[in-house]
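Here's the structure, in C-alpha cells; my notes come after.
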Amino acid sequence: MNDWLKRTRLMLGDEKMAILQRSHVLIAGLGGVGSWAAELIVRGGIGNLTIADHDLITASNRNRQLPALLSTEGMSKADVMA
C-alpha cells in the first residue's frame, strides 16, 4: 500500500481499507462539485475512478472548478483530472 494512505488505514482498519481499494466510483461531470468530489474520493482511497465529462475548461470555470487554471484553458476537463 502507498504510504500516503497510512493514516486512512489506521483510522478505518485493514478490512474497510480493502473495501475502499476494491470500490469503483463514477464521477459524471467535473463542474463545481464533481471536480472537488473526484479529488476527495481519490484522496480517500477509492481504488477505481471513472470520469465522464465532455466539456472543455474555460476562463469562467476558474473560480469554482479544480482543474481550471490559466495553463489548462481549452483542455478537456476529464484529461486534466486524469
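Bear in mind these aren't lab numbers, they're just calculated from the coordinates by the rules spelled out. Keep in mind it's a predicted model, so treat the numbers as computed, not measured. So basically every Cβ, Gly included, is an ideal-geometry build from the backbone, and we count neighbours across all protein chains shown.
Of ALA38, MET11, VAL80, which is farthest along the charge dipole of the chain in the positive direction, counting Lys and Arg as +1 and Asp and Glu as -1 at C-beta?
Result: MET11.
Rounding to the nearest 10 and keeping the result within 0 to 90°, find how far the Cα-based axis of helix 34-43 lies from the longest principal axis of the chain.
Helix 34-43 sits roughly 30 degrees off the main axis of the chain.
If you take Cα Rg over 2.2 N^0.38 Å from the coordinates, which of [x] 1.18; [y] 1.85; [z] 1.24 do you get?
Here the calculated entry is [z].
Report, in deg cm²/dmol and to the nearest 500, the calculated mean residue ellipticity at 222 nm for the chain, where each DSSP H run with n ≥ 4 adds -39500 (n - 2.57) and the sum is divided by the residue count.
-10000 deg cm²/dmol
Report the charge-dipole magnitude of the chain in Debye, nearest 20, computed about the Cα centre from +1 at each Lys and Arg Cβ and -1 at each Asp and Glu Cβ.
280
Counting alpha carbon pairs within less than 8 Å and at least 6 residues apart, what relative contact order, in whole percent, applies to the chain?
Taking the mean separation of contacting Cα pairs over the length of the chain, I get 27 percent.
What are the trypsin sites (Lys or Arg not before Pro) within the chain that DSSP puts in a loop, where the Cβ has at most 16 other Cβ atoms within 10 Å?
When the trypsin sites (Lys or Arg not before Pro) of the chain are filtered for loop state and at most 16 Cβ neighbours within 10 Å, ARG62, ARG64 remain.
For GLU39 and ASP3 in one chain, what is 0.36 nm times their gap in residues minus the Cα-Cα distance, to one decimal in nm?
Using 0.36 nm per residue and subtracting the Cα-Cα distance, I get 11.2 nm.
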